[in-house]
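Each reported figure results from applying straightforward, stated rules to the coordinates on display, with no laboratory input. Predicted model, so just to flag it, every value in this text is computed and none were measured. FYI the Cβ positions are ideal-geometry reconstructions off the backbone, even for glycines, and counts take in every protein chain you see.
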Amino acid sequence: MTQAIATPTMARWEEDRFQRVRREVLARWPTGAGVDLDEAAAWHREMAPGKNTARVLREAREHGRTLVQPRGGVADIEQHIELLRRLRHAGADLLPTTVDSYTREGRYDDAERGLAQSREAGRSLLNGFPAVNYGVAACRRIVEAIDAPLFCRTASPDCRLTHEIMYAGGSTSCTAGPIVFSLGYAKDYPLAKAIEAWQYSYRMMGAYRERGVTLSVEHYLPISTMVPHSTSMACVILDSLIAAAQGVRDISIGIGQQCHLVQDAAALRAYPALGRHYLDAFGFTDVELSTVMSQWMGGFPADEGQAFGVICMAAMAGYLGGVTYMISKSPHEAAGVPTPEANMHGVSASKMVLRMLADQKFAPMAEIAAEQAILEAETRAIVERALELGEGDAALAAVRAIEAGVIDVPFSPHRSNANQALPARDWRGAVRLARFGGVPIPPDIREHHQAELGKRMAGKPARAPWELLLADVNAISEGMLLPD
Ligand code: 5AD
């Protein structure tokens, strides 16, 4: 029997609903029985402050520092701990536990097999750490072995059991969001259902908060390849409102690098003000905000030197945008999951650039301010229209705005995405919309998009829009920003 999905609402869950669903979630795998929220909150309260993400991010913001976090996760716990130690040694300020794909999909029996086979083979046959199979005590062993905050990095429409285990296991942050993960990674999972699954996770974090423990979430749209920053920002703002409504009080909001230095920096500068504006408007004035940037999520060059070029440019964009932390890539990105050494080099290259820039105080750049004004106007137009459609409810706004193509994410695999908006890089490599679809970009800014794109096309033979798009999407992996 398929369960009917109620009309989405951002309203805070009642305690009995949370407890009822919680029993089902924890029963999905035997390790669920090992979660005791009161005991786990007490464990967190005893934790060294330097391992709490919210605390470490606040310090970074106060000192104007940019932190670096790699991704990383292997099947065997000893090897995972060793990997984290090495990443820390390379300069990582925040440490990851990237969860394997079976766990992301709730296929814990397959993860169990993969774990056994990995042990037999002596190397990881899983693309991450199967946290649910290991359970709470093992996760705490990781936290005890390191001296930095641990992030739970799992990405799917429903991560509830992984969150239960990993937060009880001492992680203090997770990468998150029903809208960003549905539009970024899922095809058939209904958005309203993803919102419910995430509301559960957010409510759980709220329950920790009520017990004196602040847990953090990170919201950014993982497909950032030429998705206008304003569209990403609209998704992130709605996800953040949905999270805050359930009691989450520490949120990082941000972007995936697009490799246009000025636009990336402008987006990172626009996010905190816009995030603050909407959270305050909904009464969530006590939510603390940081910014985050993932280094380029599109195709990477196979050449390791070129890959370092992308990584170092990300560090520069992050610096110019005053980002709180960035998630690093490695020179192996084009090939797949990196070796520990390659992963370490991604961290140390990023940190090197950030250290060298740290004392070079730039005067505010007019170009960044101009791009920031454009992004802010676009984002406000999208979010205002979405909230209108959603009758002031962020969850309903998300569902209706996506249906209407007001939020339209190019390249999204999700069935409900309209796919009418078409991006292209302009003559200077900035991302514009060549076709707006239902995205309510204000008229004066539309003209700007068209004029800047026109400058790129001027004097060149006409090309089909899809041809141009394909060339733009592949350009960076081929060693340049603009293909022609
Ligand atoms: N270890 C390191 N990086 C990982 N990624 C995914 N799984 C792992 C892992 N286990 C990285 C990919 C890509 C990003 C989305 O996550 O290489 O850069």
Where does each of 404-411, 170-177 land if you order them by average Cβ count within 10 Å, highest first? 170-177, 404-411
Based on DSSP H runs of at least 4 residues, each adding -39500 (n - 2.57), what is the mean residue ellipticity at 222 nm of the chain after dividing by all its residues, to the nearest 500 deg cm²/dmol? -16500 deg cm²/dmol
Do you know the relative contact order of region 358-484, to the nearest whole percent, from alpha carbon pairs under 8 angstrom that are 6+ apart? 17
Tell me the label-point distance for the pair T285, D36, using the 7 Å Cα-to-Cβ offset, in nm and rounded to one decimal. 3.9
Taking the number of other C-beta atoms within 10 Å as the exposure measure, put D280, D76 in order starting with the fewest. D280, D76
Taking +1 at the Cβ of each Lys and Arg and -1 at the Cβ of each Asp and Glu, which of T379, A475, G212 sits farthest along the dipole of the chain towards its positive end, judged by Cα position relative to the Cα centre? A475
Run through region 381-432 and list the GluC sites (Glu not before Pro) located in a DSSP loop whose Cβ has at most 14 other Cβ atoms within 10 Å. E391
Expressed in µm² per second, the diffusion coefficient of region 15-357 from the Stokes-Einstein equation, with Rh the Kirkwood radius over alpha carbon pairs, at 37 °C and 0.692 mPa s, is 166
What does the charge dipole of the chain about its Cα centre add up to, to the nearest 20 debye, if the Cβ of each Lys and Arg holds +1 and the Cβ of each Asp and Glu holds -1? 280
So which cysteines in the chain don't have a second cysteine's C-beta under 4.7 Å from them? C139, C159, C235, C259, C312
Nearest 5 percent is fine: what portion of the DSSP beta bridges confined to the chain is antiparallel? 15
Positive end of the dipole of the chain, charges at C-beta (+1 Lys, Arg; -1 Asp, Glu), about the Cα centre: which of N417, L241, A349 has its Cα farthest in that direction? A349
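Order 221-232, 283-294 from most to least packed using the mean count of other Cβ atoms within 10 Å.
Listed from highest to lowest mean packing, they are 221-232, 283-294.
At 0.36 nm per residue, and after removing the present C-alpha to C-alpha distance, how many nm does the segment from K455 to E112 gain when stretched out fully?
117.9 nm
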Length gained if A145 through D303 is fully extended, taking 0.36 nm per residue and subtracting the Cα-Cα distance, is 53.4 nm
Whole-angstrom gap from region 269-346 to region 464-484, using each part's C-alpha centre: 22
Can you tell me, using C-alpha contacts under 8 Å and at least 6 residues apart, the relative contact order of the chain as a whole percent? 15
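What order, most packed first, do the peptides 142-151, 253-262, 459-468 have when packing is the mean number of other Cβ atoms within 10 Å of each residue?
Those peptides, ordered most packed to least, come out 253-262, 142-151, 459-468.
What does the net charge come to around S328 if you take all other residues with beta carbon closer than 11 Å to its beta carbon, with K and R at +1 and D and E at -1?
My count for the surroundings of S328 gives +1.
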How much net charge surrounds A148 when only the other residues with a Cβ under 12 Å from the Cβ of A148 are counted, with Lys and Arg +1 and Asp and Glu -1? +2
Output the 0 to 90 degree angle, nearest 10, between the alpha-carbon long axis of helix 340-357 and the longest principal axis computed from the alpha carbons of the chain. 60
